[in-house]
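Working notes for the structure below.
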Amino acid sequence: MDAFRPHVIVGASKGGVYIIGLWRRGYWRGPTVLINAHPTCRQLPQESNVAIAVGSNDEVYPISRHDLEAILNTGGMNKTFLYFTCDSGRLPSGQISRQGDTHNQESLLHHDVLPRLIDSVLCPEGPEMHFIRTWKERLSIERNNAELWLGFSPEQIMRLWSTNGHGQHLFDVHPGTEEYRMVSACFKALPMEQQAYILSPPETWYPVRALRIQRVENGPQGDASWKPYYKSLVRSLEDQGVEFEAGTHTCWAFHGCNNEALECFDGGVLN
């Protein structure tokens, strides 16, 4: 170790026991990535950045999520990160749409996961901060630029409002405006890699256009719901010694809903 002086150590499967031995003898306290949780790993060094990658279907070293969290809690504050892949919930057919990794973790080969894990333990701000920050790299330039323009905080989003939000709540965003173009770009942008859920080929998605875009300006809903939630998120991170970063801890997401849910936006406060 003294001759080689590595910047980071990565251990997988049975190799994990050698890392545990280095920790116990005090030979290594630097950045470390453990692929699979070796059964001898029960405590992490407080001063080291450590990332552990585990799949829920590990047939060699099976371990529960609860036990993994307990191991990570032995490490230093903001110095540990768990990359955990698990099965999705079951569809009505009984099938699952996503399968957690086995002992040979295939997901590490996709989306630059392994290099990101290695870089994460080298990050002075901690491995978790680095890993979630690099999620944005999975998005296209068009999507990132559109999200940045639209904003990541209540104040940034409300700059686009035409009222104080205490009257009418739904307003059409007119085609040809910059706001319309940015929302459309954000919604239509495909990820850099192949998406997880392929409902139709990309060729069928390109010609699709938005028929109508509406902006929600609901002041009571903001005062009672998403503004306090946003402030709570910022305080929670600060209490953990993490500086809030707009665009990393907040992001844009789209989700389908029925007509009853849409009516809630035009009503009062969401329950």
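Placing unit charges on the Cβ atoms only, positive for Lys and Arg and negative for Asp and Glu, gives segment 144-265 a dipole magnitude near 280 debye about its Cα centre.
From the largest down, the chain spans 67, 42, 35 angstrom on the principal axes of its Cα atoms.
Within the chain, the longest segment free of exposed loop sites, counting trypsin sites (Lys or Arg not before Pro) that fall outside DSSP classes H, G, I, E and B and have at most 11 other Cβ atoms within 10 Å, spans 26-158.
Per the Debye calculation on segment 81-234 with a single equal scatterer at every Cα and no solvent contribution, log₁₀ I(q)/I(0) for q = 0.20, 0.21 Å⁻¹ amounts to -1.27, -1.29.
Values of log10 I(q)/I(0) for segment 151-271 across q = 0.19, 0.20 Å⁻¹ run -1.26, -1.32, by the Debye formula with one identical scatterer at each alpha carbon and no solvent. Summing Lys and Arg as +1 and Asp and Glu as -1 over all other residues whose Cβ lies under 14 Å from the Cβ of G126 gives a net charge of -3. Label positions at Q195 and C251, each projected 7 Å from the Cα along the C-beta direction, are separated by 1.4 nm.
Highest mobility in the GNM of the chain, judged by mean-square fluctuation with C-alpha springs under 10 Å and restricted to G241, G165, G89, is found for G89.
Starting from the coordinates of the alpha-carbon atoms of segment 161-231, obtain the Kirkwood hydrodynamic radius over all distinct pairs and give the value in Å to one decimal. This gives a value of 14.8 Å.
One chain, two ends: E203 and W135. Fully extended at 0.36 nm per residue, the span grows by 22.0 nm beyond their Cα-Cα distance. With neighbours defined as other Cβ atoms within 10 Å of a residue's Cβ, the residues M182, M1 order from fewest to most as M1, M182.
Taking R0 as 25 Å, what's the FRET efficiency between Q168 and N259 from their Cβ-Cβ distance, rounded to 0.05? According to the calculation, E is roughly 0.85. Within a straight-line Cα-Cα reach of under 25 Å, K14 can be paired with the following lysines, leaving aside sequence neighbours fewer than 8 residues apart in one chain: K79.
For every other residue with a beta carbon closer than 14 angstrom to the beta carbon of W205, add +1 if it is Lys or Arg and -1 if Asp or Glu, then tell me the sum. Residues near W205 contribute +1 overall.
Remark: the chain carries a charge dipole of roughly 500 debye about the Cα centre, counting +1 on each Lys and Arg Cβ and -1 on each Asp and Glu Cβ.
Only the Cβ atoms of Lys and Arg (+1) and of Asp and Glu (-1) were treated as charged; on that basis the dipole of segment 9-136 about its Cα centre amounts to roughly 240 debye.
The residues V208, V33, when put in order of fewest to most other Cβ atoms within 10 Å, stand as V208, V33.
Fraction of C-alpha pairs exceeding 23 angstrom in segment 9-136: 29 percent, rounded to a whole number. Within the shell of other residues whose beta carbon sits under 14 angstrom from the beta carbon of Q240, the net charge comes to -4, with Lys and Arg scored +1 and Asp and Glu -1. Positive end of the dipole of the chain (Cβ unit charges, origin at the Cα centre): among H38, T74, Y18, the Cα lying farthest that way belongs to Y18.
The ellipsoid equivalent to the alpha-carbon distribution of segment 136-177 has semi-axes of 25, 13, 7 angstrom, derived from the gyration tensor eigenvalues as √(5λ) and listed largest first.
Where a number appears in this text, it was derived from the coordinates with a stated rule and is not lab data. It should be emphasised that the depicted structure is a prediction, and the values quoted were computed from it without experimental measurement. Don't worry about glycine lacking a Cβ; one is built from the backbone with ideal geometry, like all the others, and counts go over all protein chains shown.
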